[in-house]
Structures are given as C-alpha cells and as structure tokens.
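Step one of this worksheet: look at the structure below.
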Amino acid sequence: MTISNTTFDLEALSLRGINSALHAAEEGAFTVLNPGGAHALACGLNAPLEVTIKGHTGYYCAGMNKHAAVTIEGNVGTGCGENIMSGTIRVKGDASQSLGATGHGGLIVVEGSASARAGISMKGVDIVVKGDVGHMSAFMAQAGRLVVLGDAGADLGDSIYEAELFVRGKVASLGADCEEKPLGDADKAALGALLEQAGIDADPAAFKRYGSARKLYNFNIDHMDSY
Amino acid sequence: MADYSDSPRTVPRKSATFDDYTLSEIRRAAATGIYDIRGGGTKRHLPTFDDLVFLGASMSRYPLEGYRERCDTDVVLGTRFAKKPLHLKIPITIAGMSFGSLSANAKEALGRGASAMGTSTTTGDGGMTDEEREHSSLLVYQYLPSRYGMNPDDLRRADAIEVVVGQGAKPGGGGMLLGQKISPRVAHMRTLPEGVDQRSACRHPDWTGPDDLEIKIHELREITDWEKPIYVKVGAARPYYDTALAVKSGADVVVVDGMQGGTAATQEVFIEHVGIPTLPAVREAVRALRELDMHRTVQLVVSGGIRSGADVAKALAMGADAVSIGTAALVALGDNDPALEEEYQKLGTTAGCYDDWHEGLDPAGITTTEPELEKRLDPVKAGRRLRNYLSVMTMELQTLARANGKSHVKNLEPEDLAALTVEAAAMAQVPLAGTNWVPGQN
Ligand SMILES: Cc1cc2nc3c(=O)[nH]c(=O)nc-3n(C[C@H](O)[C@H](O)[C@H](O)COP(=O)(O)O)c2cc1C
C-alpha cells in the first residue's frame, strides 16, 4: 500500500522517513513543513507526485528528479535539481550555486535569482530564471535551454556545446567559444512557448540568444588562447 | 697545422638526457604544436611491488599444504553503511573503463570474465550500457564530473556507486576522448555532437571539497535508499589525507589508484609526472585508515600497475582489501598481442608499445568504437581469456598466502614482507631484506 496526499513535518519525522515515503508513493500531493535547510530533500523522486516544500532547503533539493512536480516556497541551496531527468521544479525564492547541474530533461523555474554556475554541464534541461544568474553559468552546457530575465555574470556559456542561452538583461561577459546568435522567428516562438510553460509573462523578442561558436570542438593550434 | 684525420675518434655517444624518445618528442611537438596524448600508464621505471618479497614460512611459521588446506579469497565491500554490500569471490575487480574508450564488445568481455570469477566490473566516463549491465553480475557505476549518461535508473540498477575524484594517471585532470572515437552511439550517450573532441571537466559540477562530498554522498544514499555501497576513488596524490577525508565524507570503500594506473587518453606529461606510485600510496592509505580505526571497516581497493597474483598478495599484505585492474585486463582480452604485429607496424608501432588508443584504430578491437574493428573481438572468447587470467592470479595469490601460513588471503600482513631496495623499504615501511631496518623508524 502506498500513501498519498500527506503532510510531513521535518521537525517530527526524519529526512530518511520522508524521502522513503516519497519514493514509495505512486501519485498524490505532499507537503513538507519545516524543511529547515535540510540537504537532499525530495531527491530521487520517480513518480508523478506533487510536492510542496514550505520553507528553505539545503543542497540537492529534488536532485535527479523524474516525473514529479516539486515547488519550494523558499530558497534552495547548492545543486537544486541536479541531474533532473523530467518533471518540474519551481523555486519561489533564490537558488544557490550549480542550479540544475547536468540536468538531462524537465524544467526548472526560479522566481528569484540563481548564483554561480547555473546550468553547469546541462544536458537537456530547460532552466528559466526570473532574476539574475552568477558567473560561469552554463559552463560546458551540452544541451537544453537557459533563460535569464535579468542579468548574467561573467563568462556565460564558457566552453558551451549545443545548449541555447537566452538573456534579457546585461551579460557581464561571454566565456570562451560562446557567441551571440541571431534570434529568428522560430527561436522566438520556441522561447515564447517555454516562457509560457514556465508561467512567466515576457516578450521573447526582448531576449538575446547565445550559443556555441564551435571553434573548440576539435583541437586547432590557432585557437590555443581559448583552451 | 697537424693532420688528425687518421687519429682515433670517440664513438658516437647518445645523451642520457636527450635520449631517442626525448628527441622524437621534441620533434613531434615542434611539428604539431600539441602535447602528446596517449593511453596506458606510466612507462618509466618506478618503485613497485617487485621491490618487495614474501618471507615465506620457516621454523617459526608453518605453511599450509598447497591444494589441500583451504585458503579462502572472498571479500565483502561496503560493510560500513550500505544495506547491500558487495560479496566478491576474489579480491580482484575490474576497474572503471568507459564505453567509448573501449568497444561494446570489450565491455561485454570484461563483464563475462569478471562474472565467471564472481567479481565486479565498473562502468566509466560515458555511462552504463545495457550490454555491460547484462553481462556483469556485479556492476559498479561511476559518478564522474562529466556525468555523461548519468541517470537515477542506472544508479538504482547498479550494485555499487563509485564517486570518482581522480585517477592515478592524472590526479587533477579531466577526461578526454578525441573526436575520432565519438561515434554516433557514444555521442548520443554523452549528449554531444558526433566527432567533437570531448573534454570532460576535472571537477564535479556541484560540489568541491570534503564537506560538500559528505552531502553529495548523503544525497546518493537517499536516492538509492541506502542500499548501495558508495566508493570514493582518488588518484594517488596525497593518499593519507585523501583517504582520511573520504572516510570522513562517509565513503564505504576508498579506491586509491597509483600513478602507474592506466588511462584511455591523457597527456603524456600528466601520465609520467603527476601523482605517486602505488607502493607508497597503499601504505599511506592504510595508515590513515588505521589512525581513524577504520581499517577493514571502510574497505580499501588499490589499483595502478597490478599484473599478477604476487602484486595482489603484496597489496593485501600491506593492508588493502582488494585490488582492481585495468591495463592487465585489456591485455588478457587481447590488447597489444604480438599476433597482430603486422598491423601494429602499419600504425608506426610494435606489439607491446601500442598506446595511441585515442585514435580509435586498435587492431585488436578493444580501444576502438569503429564498427569493423570492434567486430574483431569476440566477447565470449575474450571473456574466457579474462576469466582464465583472473583464475591464475587467484591461484598465485593463494600459493603465496599458503606459503606464509594463511588460510585466508586477507590474513597476509606486512610482517610477511621484506624490501629489496632502500626506497621500497622507506615507501612500504617494511624492513630492508636481511636487516631489521625500516627507514624513518629506527
Ligand atoms: C582504457 C581505459 C579507460 C579508463 N577509463 C576510466 C574511467 O572512465 N574512469 C576512471 O575512473 N578510470 C578510468 N581508467 C582508469 C582505471 O579505472 C584504473 O584506475 C587503472 O586502469 C588502473 O591501473 P592499471 O591500468 O595499471 O591496472 C581507465 C583506464 C583505461 C586503461
């Protein structure tokens, strides 16, 4: 028998107890009270659950998420949604470093800002940040989209592969092998659809689009300075 | 002017500093403008387990009867926290080697050989393939900085998880797989465009340092409901501190890979000049475990240049719980076989020296992803060769253990050893043969 539609209080229950209950559940809506900055909360979910966390979490909240929709009504620590496969994560506050690192799929929305290395090594996830992102965001980003409504810190998209970056505000600097790309009608339509999915009202035409110059894809002595 | 043309001349003398290899490297560098990249491990001479000998039994120690009296070889890894530790029949495991650096047939052969002997294989920097899962009864899933192909389903279907901090061939270096080997399947598994030079990161994207690692390990345990043993693999750089910090971070097993350790493709300068040899690394790792009272609670797996049952026995005697092998396993499959000499010649090398694994042209079909070459390796036959080789290593290990009076290979101890060189005595902290002198102790 599995449980559903339950409220867990992290002051009364152990993290292990809550996570194992969430792993055992096949469906339903769950609320976690008093997360108190706990690490690894609601990680490894593998079913279409709706999980709402009322407060701040520590590292790796909703890490490796699959299928579930997790909402954090607070701030999140390092590596929220790391290696997400599918489902959605919505952070009502701000996110610390390495947001959605290596994420393979799904959607992460941050209503505040995200710190350094947002979307580092991303492999297919879509990340939408309403505020700003820190330096080295989308470092070695392989696939997926990072959308920033505010500003991006230094070295955006350094050593990027095939991910797409969209920034509405200022970009402090682009990293090695990252360049501005034209924003065509198809790009605008796709970005518009993603913004809508993220529940964010913004004009896609106001963004600039960035991607790989593909100069570092194969070693070339004349590009030595960029390595 | 005097005419010296008939006087004796010195014979041409080669420089020890500028030897043939060095000269060829300078010319190669001048012509190409890129550092030399190759596979394999350190090629120069280093202090090794060959510099140690077993004392054997004598008046005060009696041996066990070979083939008559039991000498067990099993080992359990992951007893500290994991709900499902790994039970291995022999203390020799197959090290992590990525699909992509190796052909799918080679990975399958490794799985077949290891499974036949009741031991584990390990994935690598490129994710888990169905073939290797299917053919490996015990499979360790590597968690690397690149996280290529990383997904929670594979984490759950693995038997253990190995967080890779570093490799002996390149402590502090990231991965490299050149464009030639990024075939459509490899590219797909790594979410990369075909044919790009794949440079994987040297640091994990979402943690740095032991405090973070502790949280990361906790997350991996939570995701897998505390079932899987979690290993931490480090290159032998500062093994005393790295082992202590891995233990502190909550590892079940520490894997220490010495500088001889093989690699699929790394800069030559890295392979030959970074890290310390396996011999002193074992000693330092064991010292850390003992000081923390964690020896045998957290298991130690040692790798880097392990070739024979003698190497295994010496590593165990120094305090390791198991070893892992990379290069030797590839040789058992058929790598660098003199039967292929003609083909090695065409590649400008000779059997025994072929190390341009990154080019993907391996005539043995092992370090390649080229479909035609890959077909040359029959995974069933190659797997059988690996099984035979592992079996010989195990018998050698038992022979040495019995000779030292041990009914289980885990009972081998430093007391059974002597060193042949002052260096080995100092590094292994066992007495120089014929003396009771341990450099640094007395
Ligand atoms: C072809 C090849 C590929 C390797 N790939 C990886 C890898 O993906 N991840 C890793 O941690 N180590 C990798 N290694 C290193 C091995 O896991 C192991 O540390 C090393 O081979 C042990 O030394 P030995 O080759 O002397 O036995 C690789 C080694 C070889 C030879």
Exercise for the section: Report yes if B:E341 is surrounded by fewer than 23 Cβ atoms within 10 Å (Cβ to Cβ), under 30 Å from B:L373 (Cβ atoms) and at pLDDT 95 or above, otherwise no. Expected result: yes
Exercise for the section: Could you please tell me which pairs satisfy a Cβ distance under 7 Å, a separation of 6+ or placement on different chains, a first residue in region B:28-55 that is away from every other protein chain (no Cβ under 14 Å) and on the phi < 0 side of the Ramachandran plot, and a second residue that is among the acidic types (D, E) and within 15 Å of the ligand (Cβ to nearest atom)? Expected result: B:R38/B:E268; B:R38/B:D355; B:R38/B:D356; B:G39/B:D355; B:T42/B:E272; B:R44/B:E272; B:F49/B:D311
Exercise for the section: Please specify each residue of region A:32-76 satisfying the condition of being part of a loop (DSSP other than H, G, I, E, B), more than 9 Å from every other protein chain (Cβ to nearest Cβ) and among the small types (G, A, S). Expected result: A:G36, A:G37, A:A38, A:A42, A:A47, A:G55, A:A62, A:A68, A:G74
Practice task
Please go through region A:13-71 and pick out each residue that is polar (S, T, N, Q), under 18 Å from B:L155 (Cβ atoms) and open to solvent by less than 30 Å² (accessible area, probe 1.4 Å).
Solution key: A:N19, A:N65
Exercise for the section: Could you check, for region B:71-93, whether at least one of its residues is under 18 Å from B:A320 (Cβ atoms) and within 14 Å of the ligand (Cβ to nearest atom)? Expected result: yes
Completion exercise
Condition set surrounded by 20 or more Cβ atoms within 10 Å (Cβ to Cβ) and among the small types (G, A, S), scope region B:29-56, selection nearest to B:D257 (Cα to Cα): answer is B:G41
Practice task
Name every residue in region B:189-201 that is over 27 Å from B:G304 (Cα atoms) and either at the interface with chain A (Cβ under 8 Å from one of its Cβ atoms) or modelled with pLDDT of 90 or more (or both), in order of residue number.
Solution key: B:M189, B:T191, B:L192, B:P193, B:G195, B:V196
Practice task
Check every one of the strands (runs of 3 or more DSSP E) wholly within region B:246-363 and list those with 2 or more residues that are of a type in the set (G, A, S) and within 29 Å of B:G383 (Cα to Cα).
Solution key: B:322-325
Practice task
Out of the residues in region B:260-274 that are within 11 Å of the ligand (Cβ to nearest atom) and closer than 19 Å to B:D242 by Cβ, state the one that is farthest from the other protein chains (Cβ to nearest Cβ).
Solution key: B:Q260
Problem - Condition met for B:G96 (in contact (Cβ under 8 Å) with a residue 60 or more places away in the chain, under 23 Å from B:V234 (Cβ atoms), in contact with a strand residue (DSSP E or B) (Cβ under 9 Å, 6 or more places away or on another chain) and within 14 Å of the ligand (Cβ to nearest atom)) - result: yes
Problem - Yes/no for B:R287 being surrounded by fewer than 24 Cβ atoms within 10 Å (Cβ to Cβ), touching a residue at least 12 places away in the same chain (Cβ under 8 Å), within 16 Å of the ligand (Cβ to nearest atom) and under 28 Å from B:K406 (Cα atoms) - result: no
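The values are calculated or read from the model by the stated rules, or taken from the named source; none is laboratory data. Only a predicted model underlies this, so the values are computations on that prediction, with no experimental measurement involved. With ideal geometry, Cβ positions are generated from the backbone for all residues, glycine too; neighbour counts draw on all protein chains shown. These accessible areas exclude ligands, DNA and RNA; they are computed on the full protein's heavy atoms, side chains included. Shrake-Rupley method; radii C 1.70, N 1.55, O 1.52, S 1.80 Å.
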